[in-house]
Amino acid sequence: MTHQAILEFSTRGRGTLDITGEVARVVAQAGVGAGLAHVFVQHTSCSLMITENADPDVRRDLETVLARLAPDGDPAYRHDAEGPDDMSAHVRSMLTSTGLNVPVGGGRLLLGTWQGIYLWEHRTGAHRRSVVVTVLGA
Amino acid sequence: MTHQAILEFSTRGRGTLDITGEVARVVAQAGVGAGLAHVFVQHTSCSLMITENADPDVRRDLETVLARLAPDGDPAYRHDAEGPDDMSAHVRSMLTSTGLNVPVGGGRLLLGTWQGIYLWEHRTGAHRRSVVVTVLGA
Amino acid sequence: MTHQAILEFSTRGRGTLDITGEVARVVAQAGVGAGLAHVFVQHTSCSLMITENADPDVRRDLETVLARLAPDGDPAYRHDAEGPDDMSAHVRSMLTSTGLNVPVGGGRLLLGTWQGIYLWEHRTGAHRRSVVVTVLGA
């Protein structure tokens, strides 16, 4: 069985958006008991991440680390057509994930207790983002 | 066809554990000729990695690099509820993988000669870790 | 339905090779309307990446960032059997992806307008690389 949905999200600029509930809803509609849910962003300047859903400081600290590894306006960058956060967003995308899979069991996402699925906007401005969710299984 | 198993591993603290054999065993039980094996950790402070299985110094060097990119007790971290290796473990999880897929062909994992699948514990203390393996295909 | 193909590529040493067309061809042959295309390198010193396909400076800048995070001949490395780019290639592989999934819809890859699939050679010398493409769905 295969079920696919394209979700649209509006981000408010750099930061994480919890999309666990939206992905879970697609899985519930799929009618798949056991299999995989694949989540994919159709963009190269935002990404997806599974991380701790309890303390928001975790995501704040992850942002701090990425800002260090991929600083805005790095003089080494040649690509800066859309401003100082353009190339840093591509670097952040490279170091994280464009797509991820979550196992499905008993008709629902088999996430651990502390795992949430986040859409991570890497551009400083607000953007509209398309996320393709594909559920495969039996 | 879909086959799913949840494996439990006891880690001895920070470091890698070769789980290739355990994943291969689930694939053998699945009765899938061609498809995918998905491996997933239900945690946000350990991860999965495919890397060289020959020289253990490779994994030692990868550990050295992660310690540099995600140092324990970094003064920039706000989240330190469980000690100096708490937030660094989440950073290491972000920079590596919560889940991975390996192709299945001829009923077995299509890994290259030098590829092994490793469970990577990022906390300094021993932990019990759940790994969900899902095999899809025909 | 499951379709699998093993593609062979010759790299010219460190750098990216656009393999979007080759992966799309396997998807077209698969006869899968909706599902997933999984792409996997059977090696630990090259990787796969989805990034911007328009300005080649993006890939050049990503190379610059990786050279900073994973320098050749780092004195901290113990593993250097095949030269100064041996261990750095494994680090680059760890920080990027051994495999990736792209959703399939309407019988084709559901990539965003600016997304391309790249094989990323991390060794400085030319290599022959095997890429397994698996298409699952209905």
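The values are calculated or read from the model by the stated rules, or taken from the named source; none is laboratory data. Note that the coordinates shown come from a computational prediction; the quantities given were computed from them, not determined experimentally. With ideal geometry, Cβ positions are generated from the backbone for all residues, glycine too; neighbour counts draw on all protein chains shown.
Key figures
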{"read-out": "Residues (in contact with a Ser or Thr (Cβ under 8 Å, 6 or more places away or on another chain) and at the interface with chain C (Cβ under 8 Å from one of its Cβ atoms)) located in region A:75-94", "value": "A:76, A:77, A:90, A:93, A:94"}
{"read-out": "Residue ID - surrounded by the fewest Cβ atoms within 10 Å (Cβ to Cβ), chosen from residues in region C:82-106 that are in contact with a strand residue (DSSP E or B) (Cβ under 8 Å, 6 or more places away or on another chain) and assigned to a loop (DSSP other than H, G, I, E, B)", "value": "C:96"}
{"read-out": "Of all residues making up region C:107-130, the number that are more than 10 Å from every other protein chain (Cβ to nearest Cβ), assigned to a loop (DSSP other than H, G, I, E, B) and within 20 Å of residue C:25 (Cβ to Cβ)", "value": "1"}
{"read-out": "Checking residue C:65 against (1) touching a residue at least 12 places away in the same chain (Cβ under 8 Å); (2) over 28 Å from residue C:105 (Cα atoms); (3) buried (at least 21 other Cβ atoms within 10 Å of the Cβ), the condition it does not meet", "value": "(1)"}
{"read-out": "Count of residues meeting criterion [under 17 Å from residue A:49 (Cβ atoms), in a loop (DSSP other than H, G, I, E, B) and not aliphatic (A, V, I, L, M)] in region B:42-76", "value": "4"}
{"read-out": "Enumeration of residues in region B:7-38 that are part of a strand (DSSP E or B), within 14 Å of chain C (Cβ to nearest Cβ) and under 14 Å from the mean Cα position of the chain (by Cα)", "value": "B:16, B:18, B:37, B:38"}
{"read-out": "Qualifying residue in region C:6-13 (condition: at pLDDT 95 or above and surrounded by 22 or more Cβ atoms within 10 Å (Cβ to Cβ))", "value": "no"}
{"read-out": "Hey, residue B:52 among the acidic types (Asp, Glu), buried (at least 19 other Cβ atoms within 10 Å of the Cβ) and in contact (Cβ under 8 Å) with a residue 60 or more places away in the chain or not", "value": "yes"}
